[in-house]
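Here the structure is laid out as structure tokens; the discussion comes afterwards.
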Amino acid sequence: MSKKSAWAGAIVAAVGLTVGGIAVATAAEGPDRPPNAAFAERHLGGPGKPGRPDKAKLKDSTLVIGRVKSVETGKLTITKDDGSEVSLTTDSSTKLRGGDLAGLKADQRVTVRVKDGKALHVALAKAQARGTVKDVNGDNATLIQVDGLQTSLDLSAVTEKPKNGDLVAVSGSVTDGKTIKVEQLRQLPK
């Protein structure tokens, strides 16, 4: 086959793929859907997408990580990990991922996106760990993580308690800086 024939075949194939791709994209949009809806559904995070903060609002914002000291109407006080406190204003536009600001309690670990002293977004921090359970004693146990670190577990919120030697994945909140209050426990295959 000559080089001209090979190039001609490649060009015909490229044109066919392009035309076919346009037809598929147009069919995906359909009469009921706005243009590029199929593209937008697969590419999250654009301006105005639900559940995603607008990037313009987050510009020049900072992140505060720590524990809730107090929650009052219009005010959230956080004790940061370095021991200092910061008081933030809140209003109806302040969002708590997965809940309502009134539901925050003292000592809950949070991350807060802050701009000009105002809390924009608050998220409860979740601890996650995997490993082998040992020393089960009622609602308390120890987890030997994969890396060898030991973590205390509070199992009071779990209905089905693990046994010594079980491999588990746990998630929950950290209550005292070192104990995970387990909210979800999943048995892992041995």
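The values are calculated or read from the model by the stated rules, or taken from the named source; none is laboratory data. Note that this is a predicted model, so its numbers are computed, not measured. Every residue, glycine as well, gets a Cβ built from its backbone with ideal geometry; the counts of neighbours run over all protein chains shown. Each accessible area value is taken on the protein alone, full model and side chains, heavy atoms only, with ligands, DNA and RNA left out. Shrake-Rupley method; radii C 1.70, N 1.55, O 1.52, S 1.80 Å.
Restricting attention to region 88-114, and to residues there that are in contact (Cβ under 8 Å) with a residue 40 or more places away in the chain and outside any strand (DSSP E or B), which single residue is surrounded by the most Cβ atoms within 10 Å (Cβ to Cβ)? It comes out as GLN108. Taking the criterion of being open to solvent by 50 Å² or more (accessible area, probe 1.4 Å) and either within 15 Å of ARG186 (Cβ to Cβ) or of a type in the set (S, T, N, Q) (or both), the residues of region 147-161 that qualify are GLN150, SER152, SER156, ALA157, THR159, GLU160, LYS161. Given the condition modelled with pLDDT under 90 and not in a loop (DSSP other than H, G, I, E, B), answer yes or no: does some residue in region 127-148 qualify? Scanning region 127-148, I find at least one residue that is modelled with pLDDT under 90 and not in a loop (DSSP other than H, G, I, E, B), so the answer is yes. Checked against (1) over 22 Å from the mean Cα position of the chain (by Cα); (2) closer than 17 Å to ARG67 by Cα, SER173 passes all but condition (1). Counting only residues that are under 13 Å from LEU185 (Cβ atoms) and crowded, with 16+ Cβ neighbours inside 10 Å, region 133-146 holds 4 of them. Return a yes/no flag: does region 93-100 have any residue that is touching a helix residue (DSSP H, G or I) at 6+ places or on another chain (Cβ under 8 Å), over 25 Å from PRO162 (Cα atoms) and charged (D, E, K, R). Taking every residue of region 93-100 in turn, none turns out to be touching a helix residue (DSSP H, G or I) at 6+ places or on another chain (Cβ under 8 Å), over 25 Å from PRO162 (Cα atoms) and charged (D, E, K, R).
Just one of (1) more than 22 Å from the chain's Cα centre (by Cα); (2) farther than 19 Å from ASP176 by Cα; (3) open to solvent by 50 Å² or more (accessible area, probe 1.4 Å) fails for GLY74. It is (3).
Whenever a residue of region 157-170 is farther than 14 Å from LYS181 by Cα, its partners that are outside any strand (DSSP E or B), lying with C-beta atoms within less than 7 angstrom and at least six residues away or across chains, give the pairs LEU167/LEU188; LEU167/LYS190; VAL168/PRO162; VAL168/LEU188.
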